[in-house]
Amino acid sequence: MKERLGGPRASVDGAFVARLGGICEVDSSEDALAASGRDWWPVALRWVRDGEVPALPAVVARPGAAAEVAAVLAACSHAGVPVTPAGGRSGVCAGAVPVFGGVALDLNRLGTVAVDDRSLVLTAGAGVNGRRLETVLREEHRLTLGHRPQSIAISTVGGWLACRSAGQYSTRYGKIEDMVLGLEVALADGRLVRTGGRGPGAAAGPDLTQLFVGSEGTLGVITEAELRLSPAPPAERRAAFGFPSFEDGLDACRRILRRGAMPAVLRLYDAVESARTLGVDGRAVLLVLDEAEPRLADAVLHLVGEECAGAERLDDALLDRWLAHRDDVSALDAALAAGLVVDTCEVSGRWAALPAMYRAVLDAVTAVPDTLVVSAHQSHAYRDGACLYFTFAGRRDDGDRYYVEAWDAATGAVLDAGGSLSHHHGVGLNRARFLPAALGEAFAVLTAVKAALDPAGVLNPGKLGLPSPWGSPSWP
């Protein structure tokens, strides 16, 4: 299969591959290399339709234990070979694409699961699949992690932590960084270190756990995590409301959370997405779902009802429709087959900034030539602000150029409005060019940490906008 991304490639000889084979299972078959050359980045999906992948590794390494991960990293660091860690490859920002070749590090064999029911703590290997994990927790322990991303069927614990994933029930349970208690991490020099995990509310210096959460494999490779659990909820409550405008719905969400009600789902669609997703015309639709002890869930929905008293009460069956289709991504395949350029851009901001940010992004992307539609929904909400999840589609002969222009327009509008670069998809390759501006002077701190922990620069180079021994990636 042909590589789409140009640029330099690391040299990997047979002796190095043999050395890796003495550490763990390795695979150099054409199918394995092609599968490891992409993730769910929409640009890559278009290229795959044309028989191309973004980039190919020289070899796939499949360690079965943390010590093997550490040994692979040490070998790569010593030889100056890039190594790109991956789990389920469900990311949409090309974070798992081996842009300079080298070693694709497949972590799926790290599958240990242990539950401390008394303390409500889960210990899980980085390769544990999300859906299988939640099934085990609910059916065998009557517990839940409360983390349910759309990609739960194909994503892993390590991937969630690497990009700061958010589940659909994050308003009640938090994002993955709110659940993590401690980590085991393999460093570039082959050391294994543990962070956190000794007890709640520790005051033992900086929180090193959060240093690695969200680092996308550029500072170290997460091999195991301790995560906070919750009892499986015995009751569920639902409600749906219609608002004259998206801004009216945003303000209702703000008031609900201000009063202390934290429903698991507080999901608001603008008029375009309400019509497309829920079949409701002319209104912004708010879907509310809570799961908890019955009296607690009743109290939450009571407060929700008070703050939505001026809105139109809609059929609760809209929640059934959302639940039935929330993991369905077939529309993406259909759009790509029709020659459209499509993607989603999830960002976040404070309540004070969100209404203007919403309009600014719509206007900016609409102004990009050949844009057909841009819309948004609020997917995750908190007391201080929320995530806005934009979807855009366009059609142009040079689809890659349109894609870049649309992303530049959306990101510029978000940063100008005071918003964050990403809420839960991460940075990867696609957003790497924006991170220096998003972090400002703090980007130099991140660069210094990278140099200290990975002096050879072999850990997932080309991501997070960090400098690389192989230069800059060829995208965009």
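The values are calculated or read from the model by the stated rules, or taken from the named source; none is laboratory data. Small disclaimer: the values here were computed from a predicted structure and weren't measured. As a convention, Cβ positions derive from the backbone with ideal geometry for all residues, glycine included, and neighbour counts pool all protein chains shown. Keep in mind that these areas ignore ligands, DNA and RNA; they rest on the heavy atoms of the full protein, side chains included. Shrake-Rupley method; radii C 1.70, N 1.55, O 1.52, S 1.80 Å.
Residues A331, A311: which one is under 27 Å from P42 (Cβ atoms) and either in contact with a strand residue (DSSP E or B) (Cβ under 7 Å, 6 or more places away or on another chain) or at pLDDT below 95 (or both)?
One residue alone meets the criteria, A331.
Are any of the residues in the range 367-381 open to solvent by 30 Å² or more (accessible area, probe 1.4 Å) and within 21 Å of the chain's Cα centre (by Cα)?
no
In the range 231-246, which residue that is of a type outside the set (G, A, S), farther than 22 Å from G385 by Cβ and touching a helix residue (DSSP H, G or I) at 6+ places or on another chain (Cβ under 9 Å) is least open to solvent (accessible area, probe 1.4 Å)?
Across the range 231-246, the extreme among qualifying residues is P233.
What number of residues within the range 22-55 satisfy the criterion of being open to solvent by less than 40 Å² (accessible area, probe 1.4 Å) and either part of a helix (DSSP H, G or I) or of a type in the set (A, V, I, L, M) (or both)?
Adding up the residues that qualify gives 10.
Which of the residues spanning the range 118-139 are in contact (Cβ under 8 Å) with a residue 40 or more places away in the chain and open to solvent by 10 Å² or more (accessible area, probe 1.4 Å)?
L120, V121, T123, N129, R138
Restricting attention to helices (runs of 4 or more DSSP H) lying wholly within the range 372-476, give those where 3 or more residues are in contact with a Cys (Cβ under 9 Å, 6 or more places away or on another chain).
In the range 372-476, the matching helices (runs of 4 or more DSSP H) lie at 399-416.
Confirm whether L340 is farther than 25 Å from R283 by Cβ, surrounded by 15 or more Cβ atoms within 10 Å (Cβ to Cβ) and in contact with a strand residue (DSSP E or B) (Cβ under 6 Å, 6 or more places away or on another chain).
Criteria met by L340.
Could we say that A70 is among the hydrophobic types (A, V, I, L, M, F, W, C), buried (at least 19 other Cβ atoms within 10 Å of the Cβ) and more than 28 Å from Q150 (Cα to Cα) here?
Yes.
Does R255 count as farther than 30 Å from P82 by Cα and buried (at least 23 other Cβ atoms within 10 Å of the Cβ)?
no
For the range 211-235, which positions are under 24 Å from E134 (Cβ atoms) and part of a helix (DSSP H, G or I)?
Listed by number, the list holds a single entry, F212.
May I ask you to say which residue of G249, G349 is in contact with a strand residue (DSSP E or B) (Cβ under 7 Å, 6 or more places away or on another chain), modelled with pLDDT of 95 or more, buried (at least 20 other Cβ atoms within 10 Å of the Cβ) and in a helix (DSSP H, G or I)?
On inspection, the qualifying residue turns out to be G249.
Assess whether A74 counts as being in contact (Cβ under 8 Å) with a residue 40 or more places away in the chain, in a strand (DSSP E or B) and over 30 Å from G199 (Cβ atoms).
no
Determine whether R228 is surrounded by fewer than 14 Cβ atoms within 10 Å (Cβ to Cβ) and at pLDDT 95 or above.
No; evaluated as a whole, the condition is false for this residue.
Starting from the range 294-318, keep only residues that are outside any helix (DSSP H, G or I), then list their pairs with residues that are among the aromatic types (F, W, Y) and buried (at least 19 other Cβ atoms within 10 Å of the Cβ) whose Cβ atoms are within a distance under 8 Å, requiring at least 6 positions of separation or different chains.
C308/F241; A311/F241; A311/F243; E312/F241; E312/F243; R313/F241; L314/F241
Looking at the range 288-306, which of its residues are within 15 Å of F243 (Cβ to Cβ) and touching an Asp or Glu at 6+ places or on another chain (Cβ under 9 Å)?
V304
Kindly indicate whether S165 is polar (S, T, N, Q), out of contact with any strand residue (DSSP E or B) (no Cβ under 9 Å at 6 or more places or on another chain) and at pLDDT 95 or above.
Yes; evaluated as a whole, the condition is true for this residue.
So V99 fits all but one of (1) in contact with an Asp or Glu (Cβ under 6 Å, 6 or more places away or on another chain); (2) under 23 Å from S36 (Cβ atoms); what number is the exception?
The failed condition is (1).
How many residues, within the range 162-197, are closer than 30 Å to V288 by Cα and outside any loop (DSSP other than H, G, I, E, B)?
12
Looking at (1) crowded, with 19+ Cβ neighbours inside 10 Å; (2) under 26 Å from A66 (Cα atoms); (3) in contact (Cβ under 8 Å) with a residue 40 or more places away in the chain, find the lone condition where A153 falls short.
(1)
In the range 409-442, which residues are among the aliphatic types (A, V, I, L, M) and in contact (Cβ under 8 Å) with a residue 24 or more places away in the chain?
Matches in the range 409-442: A409, A410, A413, V414, A417, L421, V427, L429, A432, L435.
Within the range 432-444, is even one residue buried (at least 19 other Cβ atoms within 10 Å of the Cβ), in contact with a Lys or Arg (Cβ under 8 Å, 6 or more places away or on another chain) and modelled with pLDDT of 95 or more?
Yes: one or more hits.
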